[in-house]
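The values are calculated or read from the model by the stated rules, or taken from the named source; none is laboratory data. These figures come from a predicted structure and were not determined experimentally. Backbone-built Cβ (ideal geometry, glycine too); neighbour counts: all protein chains shown. Heads up: the accessible areas ignore ligands, DNA and RNA and are worked out on the full protein's heavy atoms, side chains in. Shrake-Rupley method; radii C 1.70, N 1.55, O 1.52, S 1.80 Å.
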Amino acid sequence: RVTGAQVMLMGRPAEVISADRGTAILRIEEPGRAQLTISKQAGGTSARKNEELDFTIYVLNSGDRPLSDVILSDALPKRLELIASSPDSSLPAEFSTEPASDGSVTLTWKFTNTLAPGQSGFVRFRTIVH
């Protein structure tokens, strides 16, 4: 369930204006409507130890202006281990990971192209439950 999101749009953190049932709408205030809608879905509602669990995060430029320098980050709790070969993106993106002091890992996709109004895509990754 998405209760918040971490997205940078055009070098600035986007404000979450709505979050409900796995979908968040983010916006930055500028002339024109710079708005990104994201939706995160898990491949299942539960998983047992040592099972794989996959995640897909959909992005949609739901505003009326192009979005550049979009960076999407997702925190992976320490009970989930990223399958290193699994991160994928339907849009050109640079992927990286960074460990946090609490044992979690931050997954980051930096989209290399501008998202046109109405353009959508997704990122996907698989994990193992510990």
**Q.** Sequence-distant residues sharing a close amide H with I83 (under 5 Å, placed H)
**A.** R126, T127, I128
**Q.** Distance between modelled label sites at K78 and K110, nm, 7 Å Cα→Cβ extension
**A.** 2.8 nm
Q.
If you roll a 1.4 angstrom probe over the protein chains with everything in place, what fraction of the accessible area of the chain belongs to carbon and sulfur, to the nearest %?
A. 46 percent
Q) Any idea what log10 I(q)/I(0) is at q = 0.13, 0.17, 0.21 Å⁻¹ for the chain, Debye with uniform C-alpha scatterers and no solvent? A) -0.53, -0.88, -1.28
Q. About its Cα centre, what dipole magnitude does the chain give when the only charges are +1 on Lys and Arg Cβ and -1 on Asp and Glu Cβ, stated in debye to the nearest 20?
A. 300 debye
**Q.** For Q119, residues with placed amide H under 5 Å, excluding near neighbours
**A.** N61
Q | Per residue accessible area of the stretch 66-117, 1.4 Å probe, in Å² | A | 55 Å²
